[in-house]
1. Identify the residue in region 113-167 that is at pLDDT below 70 and small (Gly, Ala, Ser) and, among all such residues, is farthest from Thr200 (Cα to Cα).
2. Please go through (1) crowded, with 16+ Cβ neighbours inside 10 Å; (2) touching a strand residue (DSSP E or B) at 6+ places or on another chain (Cβ under 8 Å) for Glu674 and return the number of the only condition it doesn't satisfy.
3. Have a look at Ser824, Ser758, Ser806, Ser729 and point out the one that is at pLDDT 95 or above and out of contact with any strand residue (DSSP E or B) (no Cβ under 7 Å at 6 or more places or on another chain).
4. Pull up region 854-883, narrow it to residues that are more than 17 Å from Gly842 (Cβ to Cβ) and touching a Phe, Trp or Tyr at 6+ places or on another chain (Cβ under 8 Å), then point me to the one that is surrounded by the most Cβ atoms within 10 Å (Cβ to Cβ).
5. Starting from region 493-519, take each residue that is at positive phi and list its partners that are among the hydrophobic types (A, V, I, L, M, F, W, C) and surrounded by 21 or more Cβ atoms within 10 Å (Cβ to Cβ), counting only C-beta distances under 7 angstrom and pairs at least six apart or across chains.
6. Please specify each residue of region 692-715 satisfying the condition of being of a type outside the set (Asp, Glu), at negative phi and surrounded by fewer than 21 Cβ atoms within 10 Å (Cβ to Cβ).
7. Tell me which residues, restricted to region 577-604, are in contact with a Gly (Cβ under 9 Å, 6 or more places away or on another chain) and at pLDDT 80 or above.
8. If I ask for residues that are assigned to a loop (DSSP other than H, G, I, E, B) and of a type in the set (A, V, I, L, M), which ones from region 462-492 would you list?
Amino acid sequence: MLEVATLVVSALAPITQVVCERLASFLLHREIKLDDNEKDMLKSLMETMTRIQSLTEKIDGWQIYRKEGRSWLRDLKSAAYDTSDLLEELPSHVCKNSFSGKIKSTVEKVRKGPTYRETLERIVRKLDEISKQINNQPENNGDHHKANRRSQTSSFTGESLVPCREDVKRDIVEWLLSGDSSKGNVSVISLVGMVGLGKTTLSQHIYNDENLEHHFTSKAWVSVGKDFNLDRHIKSILHSTEFCPSSQREMTATSTVSTGVSDNGSQKEVAATKFSVDATMDTQALLLKLREVMKNQKFFLVLDDVLNIEPEDWKPLIASLKEGTSETKILVTTQSQKVATMITDGNSTILLKALPDDACWSLFQEAFANGRTCPQIGSTLRKKVETKCAGLPLVAKVLGRFLNSKITEEEDWTDILNSELWDLLEDNNEIFRALWESYLALSTQVKLCFTYGSIIPKGSAFDKDKLVHLWMAEGFILPQGERRIENIGNGYFNDLFSRSFFQNTNNGAYGMHDLIHEFAHWLFLTECLRIEDSDSSDRLVVDSGVRHLSILCKSTSPKVLEEVSFCERIRTILLQCGGHHNNIHRIPYSLGTEFRKLRVLDLSGAQIEELPQSIGSAKQLRHIDLSNTPIKKLCKTISRLPRLHRLKLKNCGNITYLPSMKKLSSLRHLHLDEKLQICSMPEGISQLTSLETLSHFFVGTGVGQKIEGMKNMMNLRGSLCILKLEKFSSVQEATEAALDKKQYLEELTLKWNPQQSSNPNLDVVDVLKSLEPHENLRKLHISGYGGNGLPQWLGESSFSKLVNVSLCSFNNCTVLPPLGQLPSLESLSINKMRNVEKVDNGFCRIQHPGTGFPSLTTLRFVDMCNFETWNGVQEGDFPKLQKLIITNCARLLELPKLVWLEFAEINNSGLLESWRDQRMNRP
């Protein structure tokens, strides 16, 4: 069984690390004056938390599976959360060099409150109580329950290979048998997949394949696990090296003979070495020994279950293995795509897929049988078994063996199969041990981010950006110097994805395998309440200490928020409405006063029309998402949220007004879209100088609503769409937007409303000239432009990163800009330019030699009613053009010679349609 120390420390470490760092920062902050009693209380709290972690390392392994063990873990986490919440009320982090009188008054107000000292004392008393309980437990006698990791694997297997894995085995064996015979060549192939996919079983069958016995002179199997220790694994290679029958070497070092099992189950004999290795040998001596052993050997090595490995360990190992006389082959099994990429340079990687349902069913039957007959069951129960297995052979085998030992009647299967695996299986099972070791390989903070992912309902897809921002709001991402917190969070996410904890879905989003999701939820204990299948709140049992609330709207009472209002410690309210209209229509008026610890409020998709005024009392709120709701307005009290850093209002077409935002000093991400019915940006938008995301800007005419308010938003990044440009009052206003200084913007959209006239005294050409973006831009879209000329920057080769350009409704332009000079442009769309009659050489270049459109692959001309001539294309232009789309260009009768064109879609464009038919049907 797993040691409670490992489980408690692993579960608590991410939370306590954040709390301890905040405590240390608070104690060291010179501007905050604490009396001696308060300092002693905070120091005592830090010491007690440290002592708890130390004490847990002494606890016997079986304790965590006793009631009190789970209770301790729950209470320890609760105390850590309470401490974090308390510290949030003392905002030492908002001021680095000075301490304003306003903040001082806030600290004094909290300090003098009736609960401040009482709360600290209560937390310390609770931790002391838990400490005493743990300390009174008997010491571990060292004789049992020491192992907290899965058992070591070996090259021997008694399990048959699943038929649908035969193709993968054949491909790998063929690769192992191929290759040149030059000395010093080491080739590596990686077998990558999540826990339970059968990587080890497949590798065992490959290792014992008879064809390899006659191809390699020696081979070795090493079970790696959580930590790759170079010294230890060199010793493992030396101790486990076997000489195959093809070896011509005198086996003077051979002292034992080990018995293996061939693919057909027959016994075979291989000579195994036990090379002399001195326990005092350092890394250099071990590497030299390995080189000596590798001389004149054609070597095959399996490194099984590699969770982590660093280049400084891998490179010297490979260097020593190059001593073979011919190609050395290495097969690595890993859950981590990062590991696979590092050791194979991204090549020779096989991603092992989940098994089909019928293969899992066969494995389940085989494991269930074990001397007895598997009962005949209906399709419904079989489907439950297959769903529970979810394509993982390990789950199929463990589940089959479990049901064999526990079930005698088929009628009991339904209840059991409806349970989660961790409620169903014994704690000491293969699945748990495998997942547990993978979890331990994660860094401290990534563990917490992983378990938080279980707040998303099983089987649901999620967006990477959204999950990272939820982690940020919860305070799970620790700062690293000057790095953007979003970049650190993206690193956490990529780490989890690399290790197969997260997976791609078909629509480009991400998801968690059901098994991984259940494991994460088990680790989250009572912190998270997921309401997924409750039609009535009468059946709802809620722990008062729950911190995170996840609601699946399609099966939940619309009154659920009212009925969990007693859970005052809730930090997260996350709705998963999925387009269901019978969901939450009204938010309790007292939401902000009841949930004062609230950090995340995601009501996206709910049928709400307003937020309660009390929302202004939820001072800890960092993240609000009201996307896809019929909300009509935002209450003014939303401007009282000093820590709000993300506000998302996508697809909120009923909103006609946004309140003042001048006090939202922490706001960094403001997501809007064109469906909002607002006339201009909210008051105070120019004061949000920390904004990094401003998806849409509606130009207004009032004070603080003009585009010049963007002047100091130097950190804007991602995409920006500027609408209602016809409201410009001067060219100077456009210049002061300073778009050319916004180096992090990747996509820019400029929109004039062609139905509304611009200032007649304003030269629109000069306006567009003043809106020149930074040269780092990658995508540019302009529509509704009414000028009869074009600024010089549009088409300049200095925009070397532009890959996508679309121009629409340039109603007064007669020529196209020289976009052929853009060296990286891949996609170009020209739409509704009704005064363009001909396209000539100026489209590709301006009096400069060179290739026009050197990178363009897709070109579109749409709704060009007067477009009738296209010439000026020289030899060498459009060298990569693959797709040409021409629609509603009735006057265009002929195309220039486009040698490399592979596909043309021509519709309603005069005689060109016959050209298309001839061109595309040519032999």
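1. Top of the filtered list is Gly113.
2. Among (1) crowded, with 16+ Cβ neighbours inside 10 Å; (2) touching a strand residue (DSSP E or B) at 6+ places or on another chain (Cβ under 8 Å), the lone unmet condition for Glu674 is (1).
3. Going through Ser824, Ser758, Ser806, Ser729 in turn, just one is at pLDDT 95 or above and out of contact with any strand residue (DSSP E or B) (no Cβ under 7 Å at 6 or more places or on another chain): Ser824.
4. Among residues in region 854-883 that are more than 17 Å from Gly842 (Cβ to Cβ) and touching a Phe, Trp or Tyr at 6+ places or on another chain (Cβ under 8 Å), the one surrounded by the most Cβ atoms within 10 Å (Cβ to Cβ) is Leu881.
5. Sorted first by the residue in region 493-519, then by its partner, the pairs are Ser500/Met194.
6. Within region 692-715, Ser695, Gly700, Thr701, Gly702, Val703, Lys711, Asn712, Met714, Asn715 qualify.
7. Residues satisfying the conditions are Gly592, Leu598, Arg599.
8. Residues satisfying the conditions are Ile477, Leu478.
The values are calculated or read from the model by the stated rules, or taken from the named source; none is laboratory data. Remember, predicted model here, so these are calculated numbers, not experimental data. Ideal geometry is used to build each Cβ from the backbone, glycine not excepted, and the neighbour counts take in all protein chains shown.
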